[in-house]
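The values are calculated or read from the model by the stated rules, or taken from the named source; none is laboratory data. What you see is a predicted model, and the numbers here were worked out from it, not measured in a lab. Every residue, glycine as well, gets a Cβ built from its backbone with ideal geometry; the counts of neighbours run over all protein chains shown. Side chains included, ligands, DNA and RNA excluded: accessible areas come from the protein's heavy atoms. Shrake-Rupley method; radii C 1.70, N 1.55, O 1.52, S 1.80 Å.
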Amino acid sequence: MKLQTGYKKAAKLIPIFLILICGVCFLFFLHQRKSSTVETLGEGETIKWVDFNIPYETLCKAYEIDIATYKEEKHIDWIELLAYIAAKTGGNFKGSMEKEMNKIVDKVRESETTIAEEGKELKHYEYYYEAYSAVLSAYVGEYKIQTQNENGEMVWEERYGLKAFSPIAKGFEYNDYDDFGSSRSYGYKRLHLGHDMMGQIGTPNSI
């Protein structure tokens, strides 16, 4: 009778042990997901979210390198450079990235390799390149601007560089607030990746 009673008590504890084991496995799974900076994309998958946390100084440095090397045989694309640094550091841009940037730029200039080729050796280079391209690809490149030549004629001049423009038409007043990177709490916790510009009602855009 005592043996049977012991079996009955043990049987009652089995579900509790199973729940505890499942709980430990679930916590381990959450820890693994949290500790991973990004996930490798499979075929047909798309990026649903990425933290765009590149400091202003790092963006400026990458932009300057892009502009300076534009007419060189080995042009350094700033998005490729930023993606390489992100993959190299795991998306951690704390501290100055100038040393890391100069290091890879010198390597590309002094050898037959490219940043894209070097990036393929890093696990998440393609991930960061796709994400940063979605944000930055329209900002730097070739464009044409109308200028006046020495004869006073209006001509179109080809240029390369920052080609972003103000969305508010010239001559219309507006207020702006530089809250890029500020925290947002409504909806869900996130950073504001924009720059608010408040124009008057009826203001046309510059397009």
If a residue counts only when it is of a type outside the set (A, V, I, L, M, F, W, C) and touching a residue at least 60 places away in the same chain (Cβ under 8 Å), which helices (runs of 4 or more DSSP H) contained entirely in region 88-156 have at least 2 such residues? 125-136
Being small (Gly, Ala, Ser), in a loop (DSSP other than H, G, I, E, B) and either under 20 Å from Glu80 (Cβ atoms) or modelled with pLDDT of 90 or more (or both) is the filter here, so list the residues in region 157-175 that pass it. Ala164
Could you give every pair whose Cβ atoms fall below 7 Å, whose first residue belongs to region 58-74 and is closer than 13 Å to Val140 by Cβ, and whose second residue is open to solvent by 40 Å² or more (accessible area, probe 1.4 Å), counting only separations of at least 6 or pairs across chains? Asp66/Asp77; Thr69/His75; Tyr70/Tyr160
Restricting to region 57-103, name every residue that is in contact with a Leu (Cβ under 7 Å, 6 or more places away or on another chain), over 18 Å from Val135 (Cα atoms) and open to solvent by less than 60 Å² (accessible area, probe 1.4 Å). Ile65, Met101
Quick check, is Glu158 open to solvent by 90 Å² or more (accessible area, probe 1.4 Å) and under 30 Å from His75 (Cα atoms)? yes
